[in-house]
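Everything on this sheet refers to the single structure shown next.
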Amino acid sequence: MFLDSCSKQCRQFKVRADKVKDGLEEAVPGITVLLNPHGPPRRGCFEVREEGGRVFISLLGMKRPFQPMKDLDMDQVVADIASKLK
């Protein structure tokens, strides 16, 4: 499972990425979630996808204040992804 998020310096993305990572690793036994595994993070991007390519959430090209990402209920995002993986 891959989770791409914007700059590691941007707290808005880091907090949400960590919440999704921790939540999925707790909810789905044996899963490994990698943050920004393919090089530097992309600007304004918050995306969760499987290694094989299935995308669970994709918010690209967001501008500050990153409202589409802030509007997400991260607990619900984790629950929805976990249910699709079980």
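The values are calculated or read from the model by the stated rules, or taken from the named source; none is laboratory data. Remember, predicted model here, so these are calculated numbers, not experimental data. Positions of Cβ are backbone-derived with ideal geometry, glycine not excepted, and every protein chain shown enters the neighbour counts.
Points worth noting:
- The criterion of at least 3 residues that are at pLDDT below 90 is met by the following helices (runs of 4 or more DSSP H) wholly inside the chain: 11-27.
- Residue that is farthest from LYS21 (Cα to Cα), among those in the range 66-78 that are in contact (Cβ under 8 Å) with a residue 40 or more places away in the chain and exposed (fewer than 14 other Cβ atoms within 10 Å of the Cβ): LYS70
- Filter result (under 20 Å from PRO68 (Cα atoms), of a type in the set (Val, Ile, Thr) and touching a residue at least 24 places away in the same chain (Cβ under 8 Å)) within the range 1-50: VAL20, VAL48
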